[in-house]
Amino acid sequence: MNEELEQTPSPWKRRFLILLVLTVVIPGFIGLLLLKRFGEDIPVDYASPTEHFKYGSTGGEHEMGFPYWIWKALPEVCPQYLPGKGYQSLGMVYEKKPDGSDRDLPIGTSQRRFQGVDRVFVNCAVCHVSTVRTAANKPATIVLGMPAATFNMKGFEEFFFRCAADPKFSKEYILPEIERQGGDLDLLDRYLVYPIAIAIMRDRVLALAGRFDWVFKQREWGPGRVDTFNSAKVIFNFPMSHLDPKEFDAPADFPSIWRQRQRKEPKEMQLHWDGNNTTVEERNKSAAFGTGTTPPTIDIERIKRVEAWIMDAEPPRFSAFFPVDRGIAAQGAPIYQKYCAACHGASGSDFSGEYVGTVEPLAKIGTDRRRLDSYTYTLAVNQATLYAGYPWRFTHFQKTHGYANMPLDGLWLRAPYLHNGSVPTLRDLLEPAAKRPKAFYRGNDVYDPVKVGFVSNVSEAGGKKFFRLDTAVPGNGNGGHEGKAYGTELSAGEKAALVEFLKTF
């Protein structure tokens, strides 16, 4: 009898065990599940360096990332703020899957699982990938490293700002669209995570819209261009409404990013259009701000992978798409050496030249000054505070007084020309400003192999309207880089030979 009593747990022990399970074990287990779910920070990685360049993270998803299904739903929720169907209408490039359908996300976007949500935002490739077609009825070839000639950055920003201000940016509209698209939201996502995420994203985007309201007041940039350093001023809380009006309307073309090693070895070149920095790595971290990174959230290791790839990436050759008349090109070689090599390099792969990578004074080059004026001494001083306390603090930004002489690797894919993309073709650039097109269309990826540039005399094709660039608009001036020293007084035959030689770059 006594043995039976000893083997039966006392009531208080049972109650203690139940209480322990209810107050410690179960909450602890739930806490571990929630910690695992909401404490993750896992980017989607790619083994291939080119796939990483196209889709890898720079860290921007931490602060600026859109929950994946919100990103997918918004073009259908707010179609009135897009020029056409989906992100493609903004010039974003989609690869095809084996079945011929578009890949899930465009090139230039990355994914990261962060705080319990799959997030999407842009990366470096959004500004440095585009397409080329040899004719209007031919398929597009995707080219990595070239300027994003079809991407409308201003339209991209304004789409999100306008959609966030629309009453439809709410769970009542977004969640049904997610379901319509087959969104695999679990109960927690459906009733808690995504409703909260929608509210947070709306508030965050509207707050950014307030700081970037100057964007709406600027003239259209058009595809392939961005007002780079006025956006940077927002980071430092510059009073945008009180800045000198001459600092605004300063669009510049996206640059190409091939052969970066040759821009730092054997000598460091002055980088950016105005030569305001001489360090490739620092320039890259500065550019990463455009992908939503901040000093605490930048993904240094993954940006290093992009840096490693662009060091030796090479542009595709013109001759892989179109024929080159080697005889005429040979006639153009000595003309190039006489007029161009000192400032732009011996060839598209040899960057040697007395003035290559140095700044040409504005008084001499004479091109549109808006981009130069937009980058101020005050901004340069403020940039020196970025990454304070980090090993990679910025130390090389400086105010200059002209535009840098650029090497010409992959020149044929860098149209339109001049820093603001105000001259459509190389052949047009060899004319004095008075004879250059006063207006033309940007955003077409069909190539003109004769004049060397994208087709620019067509306003619309395939239902897509192109951007009309008016060179009389402030910031769009097409003057400069003209006169005897720049080859605009050559004969027609000499100009044709020079253009043929430039096709070999």
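Key figures
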| read-out | value |
| --- | --- |
| Relative contact order computed over the range 122-240 (Cα-Cα under 8 Å; 6+ residues apart), in percent | 29 percent |
| Radius of gyration, Dmax [the chain; alpha carbons; angstrom] | 27.0, 121 |
| Student exercise, the range 393-448 dipole from Lys, Arg, Asp, Glu Cβ charges, in Debye to nearest 20 | 280 debye |
| Probe 1.4 Å - accessible area at Glu220, Å² to nearest ten | 90 Å² |
| For Thr109, residues with placed amide H under 5 Å, excluding near neighbours | Asn123 |
| Which of Val280, Val234, Gln218, positive extreme of dipole for the range 197-286 (C-beta unit charges) | Val280 |
| Per-pair calculated FRET efficiency, R0 = 41 Å: Leu243 and Glu460 via Cβ, rounded to 0.05 | 0.70 |
| Centroid-to-centroid separation of the range 425-495 and the range 275-346 [C-alpha atoms, Å] | 22 Å |
| Cα centre as origin, Lys/Arg/Asp/Glu Cβ charges: the chain dipole, Debye | 820 debye |
| Built amide H within the under 5 Å cut-off of Val446, gap 5+ | Arg133, Val455 |
| Most to least packed among 50-62, 394-406 [average Cβ atoms within 10 Å] | 50-62, 394-406 |
| Rounded to 5, percent antiparallel among DSSP beta bridges of the chain | 95 percent |
| Sequence-separation-based contact order of the chain, relative, with Cα cut under 8 Å and 6+ spacing, percent | 16 percent |
| Free-standing Cys residues across the chain, given no other cysteine C-beta under 4.7 angstrom | Cys124, Cys127, Cys340, Cys343 |
| Gyration tensor verdict on the range 415-495 (Cα atoms; rounded if a/c is under 1.5, prolate if a/b is larger than b/c, oblate otherwise) | oblate |
| Amide H partners (placed H, <5 Å) of Ala252, local residues excluded | Val226, Asp227, Thr228 |
| Options Phe114, Pro176, Phe161, ranked by Cα towards positive dipole end of the range 87-245, top entry (Cβ charges) | Phe161 |
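The values are calculated or read from the model by the stated rules, or taken from the named source; none is laboratory data. On a predicted model such as this, the values are computed, not experimentally measured, just so you know. Here Cβ is always computed from backbone atoms with ideal geometry, including for glycine, and neighbour counts include all displayed protein chains. Areas reflect the complete protein model, heavy atoms only, side chains present, ligands, DNA and RNA absent. Shrake-Rupley method; radii C 1.70, N 1.55, O 1.52, S 1.80 Å.
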